[in-house]
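Q: This is the structure, below, for whatever I ask next.
Quick note: the coordinates plus some simple rules give every number you see, no bench work behind them. Treat the numbers as computed from the prediction; the structure is a model and nothing was measured. Using ideal geometry, Cβ is built from the backbone for each residue, glycine included, and neighbour counts are taken over all protein chains shown.
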Amino acid sequence: MRKSSRFTVILGMRFAAYALTLIAILLVFSPCPTRADSVITQTISLSQVSTAPQSVSFTFSNFDTALGTLDSVMLNATATTNLILSPTSSETDDVFVVVSDSDTAIGAEIECVISPPSTGPCMDSDVNLIDSSSNAFLLPDFQSGPGDTFTASVTDTQGYEFDTTATFTLVYDYTPVAMPEPSSAGLMLLGVGLVLLMRKRIGQRLPQAS
């Protein structure tokens, strides 16, 4: 009766250790919930002082698909304009800042209106969004090649000398690749450790039970 009881305890301990290890392994290899709203932000600024239309090209880095699934691309554009000289009493001056990418998938237009006798500053902003629900076919444009080329143009309708500072921010919102939680990996290591410990103890007790 005593031997049978010892065997039962030993087998029970062995079963518990293996069961815990199996649970840990299942937790490690099952996908954990992904974090939403992971964001990559890139910002480029320019400053122009001129009497003639100005244009500048710049490149944003494309989204790295190894990070996860791209859900949306958002272009934020803001600009501040000052005139070097005040418009005359009969003129209202418009300064346009237009930014768009190489294949016009995304763009924004900013208009600063300066009325006499003011010389500014005039501030304006615009936001253009591409998301997976309405414009999914445009998202691949931001995932291939070395980067998306943008062009920003600054134009003064009256030909005044203007001083414009603009900032363009491209935001990638994406769902990250599912990764095992550190706690699950720790639980698996704990289970493996318990198995090794139980095997050692069982090996020490078996000769006494024979």
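Q: Using the beta-carbon distance between Thr65 and Ser153 and R0 = 35 Å, what value does 1/(1 + (r/R0)^6) give for FRET efficiency, to the nearest 0.05?
A: Calculated transfer efficiency: 0.70.
Q: Apply the Karplus parameterisation 6.51 cos²θ - 1.76 cosθ + 1.60, with θ equal to phi minus 60°, to every residue of the stretch 118-123 and state each ³J(HN,Hα) to the nearest whole Hz, in sequence, with x for glycine and proline.
A: Karplus values, whole Hz, x for Gly and Pro: 5, 10, x, x, 10, 10.
Q: Using 7 Å Cα-to-Cβ label points, what is the Thr167/Gln42 separation (nm, one decimal)?
A: About 1.8 nm, to one decimal.
Q: Multiply the residue gap between Leu129 and Phe58 by 0.36 nm, knock off their C-alpha separation, and tell me the result in nm, one decimal place.
A: Here the segment from Leu129 to Phe58 would lengthen by 23.6 nm.
Q: Separate question: Which of the peptides 62-72, 147-157 is most tightly packed, and how do the rest follow, going by the mean number of other Cβ atoms within 10 Å of each residue? Don't skip to the answer; put the middle values down first.
A: On the way: 62-72: 16.1, 147-157: 18.5.
Per-residue mean Cβ counts within 10 Å order the peptides as 147-157, 62-72.
Q: Would you calculate the separation in nanometres between label points at Ser118 and Ser144, each defined as 7 Å from the Cα along the Cα-to-beta-carbon direction?
A: According to this spin-label approximation, the distance is 4.6 nm.
Q: For Ser50 and Ser86, what does the FRET efficiency come to when R0 = 25 Å and r is the distance between their Cβ atoms, rounded to the nearest 0.05? Don't skip to the end; give the middle numbers.
A: Numbers: r = 18 Å, r/R0 = 0.70.
For R0 = 25 Å, the calculated efficiency reads 0.90.
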